[in-house]
Amino acid sequence: MNPRYTKVTLLLEIIGILLGIIFLIPFYFVFINSVKGFADILIDAAAWPQEFLFSNYLKVWDIINFPRAFWNSLIITVISNIGLVVISSMAAWKMVRTPGKFSKILFVLFVSAMVIPFQTVMIPLMKLGGTLNLTNSIPGLIIMYFGFGVPLSLFLYHGFIKTVPIEIEESARIDGCSQFGVFWRIVFPLLKPITVTVVILNTLWVWNDYLLPLLVLQDAELRTIPLATSSFFAQYTKQWDMGLAALVMGITPVIIFFLFLQKHIIKGIAQGSIK
């Protein structure tokens, strides 16, 4: 074995470990301070707690009605993902398999939509949402997520579908398979890596989104976890002990979900980038 190569590999591993520790520091502060009293946080936020106050979590559970907020976030995230996967995959497949100027222009328009800042369309969106009765409604919020999430999802599917051999589809058509049958029975199962990637990315976005639900949802019963957590941070009062406990409860499900499927992200994006 090349000694120089071994030293370089060891150095890279050390750098990777240090970077990992740096990225984990915020999680340390959040968890440690979530089991402290408010006074202890003000005294020394970095110190190890003298007593773990898991009662903070029980209080937060009741104060923000965590089961309701969790259910709202779960419903919004799951339905948004299902819709984005179905719409984006079918649209991307149709564009790839129907080459022409119209498909190219349509694809460019979708990709261009990704660079438009949300703040520039925020006010017109709320006016249109009010006109169509989409505000203060979970279905209305989900429809808006469809609009904002399709461009990136379609872009990822578009690149991946180019790697699917068209001969497989032609063979299915010769055997009498319909157009929808070709997609759902032949093509869509082959899109599993990029589908997992799309689901993970959109889950992280929708679950943690704050601004759009804040604009759309007014009733307390409709609050998502980020909205419910923000109630601990008013203009003059910041309940850090309660707020951080709520934050831990909110991010734990999505972290578990991410760790369970994160190996598919690089695989899906790498394969989707091949033409």
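The values are calculated or read from the model by the stated rules, or taken from the named source; none is laboratory data. Remember, it's a predicted structure, so these values are computed and weren't measured experimentally. When we count neighbours, we look across all protein chains shown, and the Cβ atoms used for this are built from the backbone with ideal geometry, even at glycine. Quick note on the areas: whole protein, heavy atoms, side chains included, nothing else; ligands and nucleic acids left out. Shrake-Rupley method; radii C 1.70, N 1.55, O 1.52, S 1.80 Å.
Within the shell of other residues whose beta carbon sits under 12 angstrom from the beta carbon of Ser103, the net charge comes to +4, with Lys and Arg scored +1 and Asp and Glu -1.
Taking label positions 7 Å along the Cα-Cβ direction at both Met126 and Asp219, the computed distance is 2.0 nm, reported to one decimal. Computed with a 1.4 Å probe on the full set of protein chains, the accessible area for Ile116 sits at about 100 Å². Pairs of lysines in the chain whose Cα atoms sit within less than 23 Å of one another amount to 20, provided the residues are eight or more positions apart or on different chains. Relative contact order of segment 184-252: 20 percent, from C-alpha pairs under 8 Å at least 6 residues apart in sequence.
Projected label points at Ile15 and Phe180, each 7 Å from Cα along the beta carbon direction, are separated by 5.3 nanometres.
With 0.36 nm allotted per residue and the present C-alpha distance subtracted, the Ser55-Lys238 stretch has 64.1 nm of extension available. Using θ = phi - 60° in the Karplus curve 6.51 cos²θ - 1.76 cosθ + 1.60, the 3J(HN,Hα) couplings for segment 71-82 round to 5, 4, 4, 5, 4, 4, 5, 5, 5, 4, 5, 4 Hz; x is entered for Gly and Pro.
Counting heavy atoms of the protein chains alone, Tyr210 has an accessible area of about 90 Å² for a 1.4 Å probe.
Dipole size in debye (nearest 20) for segment 1-147 around its Cα centre, Lys and Arg Cβ +1, Asp and Glu Cβ -1? List each step's numbers first, then the result.
Details: 10 positive and 5 negative charges, 190 e Å.
For segment 1-147, the charge dipole is close to 920 debye.
Counting protein heavy atoms only, the chain has 71 percent of its accessible area on carbon and sulfur, 1.4 angstrom probe. Full extension of the chain segment joining Val8 with Leu259 gains 87.5 nm, where the gain is 0.36 nm per residue of separation less the Cα-Cα distance.
Only Lys, Arg, Asp and Glu carry charge here, each on its Cβ (+1 for the first two, -1 for the last two); on that basis the chain has a dipole of about 960 debye about its Cα centre.
Would you calculate a helix-derived [θ] at 222 nm for the chain, using -39,500 (n - 2.57) for each DSSP H run of n ≥ 4 and dividing by the full residue count, to the nearest 500? If you can, show how the numbers build up before the last one.
Working: 13 runs with 200 residues, N = 275.
After summing the helix terms and dividing by residue count, I get -24000 deg cm²/dmol.
Let me make sure I get this right: for segment 16-100, a, b and c are the square roots of the gyration tensor eigenvalues over alpha carbons, sorted descending. Under 1.5 in a/c it's rounded, otherwise prolate if a/b > b/c, else oblate. Which is it? Cα axes put segment 16-100 in the oblate bin.
With Cβ to Cβ distances under 11 Å as the rule, what net charge do the other residues near Asp40 carry (K, R +1; D, E -1)?
For residues surrounding Asp40, the net value is -2.
Seen from Pro49, the other residues with C-beta closer than 11 Å to its C-beta sum to a net charge of -3, counting Lys and Arg as +1 and Asp and Glu as -1. With the simple spin-label model, which puts each label point 7 Å out from Cα in the Cβ direction, the Ile43 to Lys192 separation comes to 5.4 nm. Summary of the geometry: segment 1-79 and segment 214-251, compared by the centres of their Cα atoms, lie 18 Å apart. With the convex hull of its Cα atoms as the shape, the chain has an orientation-averaged projected area of 21.7 nm². Per residue, the average separation of C-alpha pairs within less than 8 Å and at least 6 apart gives the chain a relative contact order of 30 percent.
The angle between the Cα long axis of helix 138-161 and the longest principal axis of the Cα atoms of the chain comes to about 50 degrees, rounded to the nearest 10. Could you point to the residue in Ser103, Leu227, Phe31 farthest towards the positive end of the chain's charge dipole, with +1 and -1 charges on the Cβ of Lys/Arg and Asp/Glu respectively? The residue sitting most towards the positive pole is Ser103.
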